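Single-structure report; data block below.
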Amino acid sequence: MNVLFSLLAAAAIIVLGIQLMAVVHARKQRGRVLQGFKGQLGEAITSGARIMAYFYSPTCAACRGQTPIIDALDREYEGVFKIDVTEDFEIARAIGVRVTPTTVIIEGGAIRTFLVGAHSESALREALM
């Protein structure tokens, strides 16, 4: 019983550590100017418009729950980009994405909001405002 408790406590500490590292990383990304992107995403970044870049993986359970919310936002707002990190790993790496799902709000060519993990529709709408 003590061994099981110790294992569970260690796992909880590891998870909290990973979450803390993600928060610290997200704070470091804010305000970073993005350059050198091509295609529609690059055009949107250089236009200075507010855009949402949603990074996901098809094998991520949290992403499968988040994607319908992103799809709904995509129907309402221009400038929502869904980026599969398994296909566009270089873009994810260049922006600083380490975990999926991650939602990045970019405005004026710089990162304004860096949301790691799944978020509610209202939190995502607020980030877009």
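The values are calculated or read from the model by the stated rules, or taken from the named source; none is laboratory data. Bear in mind that the values here come from a model prediction, so they are computed numbers and not experimental data. Positions of Cβ are backbone-derived with ideal geometry, glycine not excepted, and every protein chain shown enters the neighbour counts.
Are there any helices (runs of 4 or more DSSP H) wholly within region 38-98 with 1 or more residues that are out of contact with any Phe, Trp or Tyr (no Cβ under 8 Å at 6 or more places or on another chain) and of a type in the set (Phe, Trp, Tyr), and if so which? Break it down stepwise before answering.
On the way: elements: 39-47, 61-76, 89-95.
Here the list reads 89-95.
Could you please give the count of residues in region 93-126 that are modelled with pLDDT of 90 or more, small (Gly, Ala, Ser) and surrounded by 15 or more Cβ atoms within 10 Å (Cβ to Cβ)?
2
Residue 105: touching a residue at least 40 places away in the same chain (Cβ under 8 Å), touching a Leu at 6+ places or on another chain (Cβ under 9 Å) and farther than 13 Å from residue 41 by Cα, yes or no? Talk me through it step by step, then tell me what you get.
Working: touching a residue at least 40 places away in the same chain (Cβ under 8 Å): yes; touching a Leu at 6+ places or on another chain (Cβ under 9 Å): yes; farther than 13 Å from residue 41 by Cα: no.
No: the conditions fail for residue 105.
Name the single residue, out of those in region 70-99 being acidic (Asp, Glu) and under 13 Å from residue 53 (Cβ atoms), that is nearest to the chain's Cα centre (by Cα).
Result: 84.
Any residue at all in region 69-76 that is over 17 Å from residue 118 (Cβ atoms), out of contact with any Lys or Arg (no Cβ under 8 Å at 6 or more places or on another chain), modelled with pLDDT of 90 or more and not aliphatic (A, V, I, L, M)? Reasoning before the result, please.
Narrowing region 69-76 to residues over 17 Å from residue 118 (Cβ atoms): 75-76.
Subset that is out of contact with any Lys or Arg (no Cβ under 8 Å at 6 or more places or on another chain): 75-76.
Within this subset, residues satisfying the condition of being modelled with pLDDT of 90 or more are 75-76.
Still in the running and not aliphatic (A, V, I, L, M): 75-76.
Yes, there is a match, as at least one residue in region 69-76 is over 17 Å from residue 118 (Cβ atoms), out of contact with any Lys or Arg (no Cβ under 8 Å at 6 or more places or on another chain), modelled with pLDDT of 90 or more and not aliphatic (A, V, I, L, M).
Output the residues belonging to region 100-129 that are under 14 Å from residue 51 (Cβ atoms) and part of a loop (DSSP other than H, G, I, E, B).
108, 109, 129
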